[in-house]
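Structure first, commentary second.
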Amino acid sequence: MRPIELTIKGINSYSEEQTVDFSALMREGVFGIFGPTGSGKSTILDGITLALYGELARKSKNFIHAGAESGSVSFTFSITEKDTRTYRVYRTFKVKKDTGYSVAAKARLCELVMPENEAEEYHEVVLEDSISGV
């Protein structure tokens with residue numbers, strides 16, 4: 001899997017929408033994620049995990065930014081087997097009022113289909129549009 005872009009909003013350290021362009025970072029082949037404690041380094045990895053699996057590896061249920069009622073992630077990545085295919089997964093989360101825990105609200109998995117004519121934009125083909133399906 002090759003990460004392309006991650007957009008995070010309302011998750012852990014990121015109250016405002018932030019986008020990480022991995023394509024730009026990977027132009028040199030290798031990159032690092034650096035910053036002081038609490039700057040959001042782990043949240044970048046959490047965002048990828050939340051997008052792909054809908055939960056965190058450490059099973060935390062409190063990952064929505066304090067004061068926010070919801071959060072979202074969008075992760076674009078490619079997989080190369082015989083051909084390279086590009087996918088985007090979207091997930092939104094909300095805070096459950098009775099427990100205060102973060103729960104999934106929506107999920108969608110799309111394949112980004114590139115047009116034969118390079119002047120055209122790609123289009124998304126929805127592969128799955130349910131929380132459990134994604």
Test: residue in segment 50-67 that is among the aromatic types (Phe, Trp, Tyr) and part of a strand (DSSP E or B): no
Single residue of segment 15-33 satisfying the filter (open to solvent by 90 Å² or more (accessible area, probe 1.4 Å) and in contact with a Lys or Arg (Cβ under 9 Å, 6 or more places away or on another chain)) that is modelled with the lowest pLDDT: Glu16
Near pairs, Cβ below 7 angstrom, 6+ apart or cross-chain, from segment 91-117 (at pLDDT below 90 and aliphatic (A, V, I, L, M)) to any residue that is outside any strand (DSSP E or B) and open to solvent by less than 40 Å² (accessible area, probe 1.4 Å): Ala104/Gly54
Count of residues meeting criterion [open to solvent by 70 Å² or more (accessible area, probe 1.4 Å), of a type outside the set (Ser, Thr, Tyr), under 17 Å from the mean Cα position of the chain (by Cα) and modelled with pLDDT of 85 or more] in segment 34-58: 2
Residue, nearest to the chain's Cα centre (by Cα), within segment 65-107, restricted to residues that are among the β-branched types (Val, Ile, Thr), surrounded by 15 or more Cβ atoms within 10 Å (Cβ to Cβ) and closer than 23 Å to Phe22 by Cα: Val73
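The values are calculated or read from the model by the stated rules, or taken from the named source; none is laboratory data. The shown structure was predicted, so the numbers you read here are calculated from the model rather than taken from an experiment. Heads up, the Cβs are rebuilt from the backbone with ideal geometry, glycines too, and the neighbour counts pull from every protein chain shown. Remember, those area values only see protein heavy atoms, side chains included, never the ligands or the DNA or RNA. Shrake-Rupley method; radii C 1.70, N 1.55, O 1.52, S 1.80 Å.
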